[in-house]
Structure formats: structure tokens, C-alpha cells
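The values are calculated or read from the model by the stated rules, or taken from the named source; none is laboratory data. Please read all numbers here as calculations on a predicted model, not as lab measurements. Every residue, glycine among them, receives a Cβ derived from its backbone with ideal geometry; neighbour counts consider all protein chains shown.
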Amino acid sequence: MPALDWRPGKRVAIVGGGPGSISTGLAFIKRGYDVRIYERQPECKAIGGAVLLSTPVLAILRSYGVDPEDFGSYTVTYFKNKSGGERVKLPFNAEVERIMGIKGWHYGVLRSSIFKKMLELVPEGVIHADHEFTSYVEREEFIELSFKNGHQVTADILIGADGIRSMVSRQAFGEPNLFHTGIRLWLAWCDHIPDIPPNEGMISHDFQYQASFFPMLHDGKPGFEWWVVEPSWDGKPVPEDPKAHLTGILKDWAQPMPRFLEATNFDTQVYRWEIFNRPSMKKWSTGRVVCVGDAVHPVSPYAAYGMGMAIEDGYFLARALDGVDLRDLRAVNAGFELYEEERVDYVNHNMEFARFLGRMFHSIPRPLANIRDMIFDYTPLLSNFLKTGYLKKAEEETLRLKELQVV
């Protein structure tokens, strides 16, 4: 492993090896900082199935050097009921498309595929595997990190990107007070299926389940990601036969949802997640320590934005510290505050809005759920709700990324 520069005033230590960590590292490297990424596993590896990435995330990845061809193709998203009746067609923002040079809004991609492309951009010697973080000690002009293997590192700032059970966040902010959100996610993917439109995605609901699909790209080949969300609780038994369980849910669902069952290898292409959150935080930094991604804001799949927001966090954090001598704690804290001003309220809104959607679709008892469904089927309420609660704020956030615009 080559010896890389580690210059006082430029030293950025990142704990965690997921997409948020790698995005943060790439963003700081592009701004001339010395970066070391510490991952507790033998290698950095993305877990889980496919993900949806939105325009601002794609623009950030493009700025790092990820080929836009790896994003796949744009997708038109429909909200429907179980019978296939259309409730909402999410609109594209023509101005966002024009200035960002990216058609549409959401793109589906296998998490491991896009993460591999990100890892290919990381210089050799930046990632240090088999380093399980244990604690840090702050000094006046630097911070010291300790690892389970006995290794110690001196850096100027420490960035916690180590997930929902972050050890960095725990030391900095105390117990995370994680709580179950009341939903379980079955996330799956499969190869391309003929006759299913390649540029359409569907999010559909009955009185208690969500069943959805999206086209995606896997190693340059087309396929589909699909998922089911069901009511759950901490400690709910796991079905012994996931395929039989999901078949029971989808057997009467509108096409094409039932077709994905036979096209999917349930041993290698299906992942189950119990969805936990933590209370919203107003501060993501303290002293020389700051966090990104799930370490401070784990999010429900109803945001379709977990990986995306972590990638954005890293970019915004590096931008806020651009040109700062990281030995200068006052300047560092000013940069952290700018990062928090740009991100905290926006991210908390998305996290809380997604949690609300989860409760609305999966925790309302049957008589009230029937009324909810009638309102969504026959009025524009859901459309207005999604546009004001999600799209409007996301589009405004995108328009502020002026340095990533192409016109």
C-alpha cells in the first residue's frame, strides 16, 4: 500500500466504509484534502439490493467521475392501487432536467453496482480495512482515533459514516434511542422481464401492504428492482418461507407484480430489513467530530433516499469546508455549521415525512384505511401531498447545486 500524504491541516479521518463514507472521501480528495477511510470489515462492501437515486445524487456522482451511462435510464413513476388504478403520475421538472442535464428524476440501480463504480475512483491507500473504531480523544489542534486492532491515528477532523449503530455518533451524542418504525421491507431484484415497459415504475398499495417495482441497471444490464412493505414490529417472527409469504401477498395484485416472484432467486436476490429510526437531531457535529448518513439520520424506505442522502451529505460537508485549515477549530466549526444549515432541516423533513407515510399506509385500521384509499383513488390529495411534501423541496435543493449545473 503506497504511503499517502497526511499533512496537518488537511487530515480527514472517516470511520465507516459505505456509500456515504466513500462519497465523503471523494468529495474531500477533490478539494485537496488527505483522506483515510477506516472500515471494520475486511473490505468495503455494499449490502442490500437495488436503490433509487435522484437527480441531485446523480449529479454529485457525475462530478466525482462516475460515468452517467452507469445510471441506466430515466423512469416515469406512478402511484397506483392494488388493482392497478392510477392515483398519481409524478411529474418531471423541465427546468431541473435542463440545467442538470439529466432526464427525469429517479433512476434505479443495484446498490453493489453503483458502489463498485464509486470505489474504483478511490485512490489506492485511502481505505484501511479491518479497522474497527473504538473511541476518540479530542485535543486542541487535532483528534486521536483508536481501533480495536491497537492502531491509533491522529487527524484534524473525524467524520462518522458508520451507519445506524454508529460508534462515532454514540460517543459524540450519546445513545441513539433507536425505535422500530412499524414496517418491514422485502427488497428484491431480478433480470429483465420481456413486455414490462422499461421506463415505468410503480408504487402501489392496498389497505396494509405496499408492492412496487422499478427498472434498474446491474453491471450494464437491464433488470428490475421490486419490493414489498408490510406492517411489522420489533421482534415480529420472520416467515420460514419468504417466497410463500410474498406470494400470498401478491397473488391477487395487478400485473406485473406477481411475475417478479418466479423471476427472482430467493436465496441470493431478496433482502429483508426491519426499519429503525432515531429521533431527529438538530446538531450533527461537536468539536472536531461530524457525522453523515445513517449515523445521524436513518430513514424509512418511503423516502427512497437513504443512500442518496448519505452521498449528498458527504458532498455538502466537503463543500462547506473547502479551503479551511482543519487545525483551526473555529473555522472547522463554522464549516460544520454551514453544513448543518444546508442539510439538517431538509434531511429531517424527508426522514419525518417518510416515517409519516409509513404510518399512514401501514398503521391505520381497516375501516379508516378504506376511507383513506377512497380519497386517494378519487381525489388529487395524494398528488398534492407528494408534490408539496417531497418533490418541491427536493427540486429546490437541486437548484442550489449551481456548480453541478451544465447550463
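Hey, can you tell me all the residues within region 273-324 that are under 16 Å from the mean Cα position of the chain (by Cα) and among the basic types (Lys, Arg)?
Correct list: 278 only.
Could you check region 74-124 and list, in sequence order, the residues that are loosely packed, with under 15 Cβ neighbours inside 10 Å and among the hydroxyl-bearing types (Ser, Thr, Tyr)?
Of everything in region 74-124, just one residue is loosely packed, with under 15 Cβ neighbours inside 10 Å and among the hydroxyl-bearing types (Ser, Thr, Tyr), namely 83.
Tally the residues that are farther than 14 Å from residue 158 by Cβ, assigned to a helix (DSSP H, G or I) and not small (Gly, Ala, Ser), restricting the search to region 288-326.
Total satisfying the criteria: 11.
Looking at (1) within 26 Å of residue 223 (Cα to Cα); (2) modelled with pLDDT of 95 or more; (3) not hydrophobic (A, V, I, L, M, F, W, C), can you tell me which one residue 45 breaks?
(2)
I'm trying to understand the selection: among the residues of region 149-170, which are touching a Phe, Trp or Tyr at 6+ places or on another chain (Cβ under 8 Å) and more than 27 Å from residue 235 (Cα to Cα)?
Once the filter is applied, which keeps residues that are touching a Phe, Trp or Tyr at 6+ places or on another chain (Cβ under 8 Å) and more than 27 Å from residue 235 (Cα to Cα), region 149-170 yields 153, 154, 155, 156, 158.
Go through (1) touching a Gly at 6+ places or on another chain (Cβ under 7 Å); (2) assigned to a strand (DSSP E or B); (3) of a type outside the set (Phe, Trp, Tyr) and name the single condition residue 204 misses.
The failed condition is (1).
Just to verify a result, which residue in region 214-266, among those that are surrounded by 13 or more Cβ atoms within 10 Å (Cβ to Cβ) and among the acidic types (Asp, Glu), is farthest from residue 114 (Cα to Cα)?
Taking the candidates together, the pick is 230.
I need the full set of residues from region 207-221 which are touching a Ser or Thr at 6+ places or on another chain (Cβ under 8 Å) and not in a loop (DSSP other than H, G, I, E, B), in order please. Break it down into steps so the answer makes sense when it comes.
Of all residues in region 207-221, those touching a Ser or Thr at 6+ places or on another chain (Cβ under 8 Å) come to 210-212, 214-215, 217-219.
Passing the criteria: 210, 211, 212, 214, 215, 217, 218.
Among residues belonging to region 56-76 that are modelled with pLDDT under 95 and touching an Asp or Glu at 6+ places or on another chain (Cβ under 8 Å), point out the one that is farthest from residue 376 (Cα to Cα).
Taking the candidates together, the pick is 75.
Report the residue count in region 1-53 for those that are outside any helix (DSSP H, G or I), more than 18 Å from residue 155 (Cβ to Cβ) and charged (D, E, K, R).
Qualifying residue count for the region: 2.
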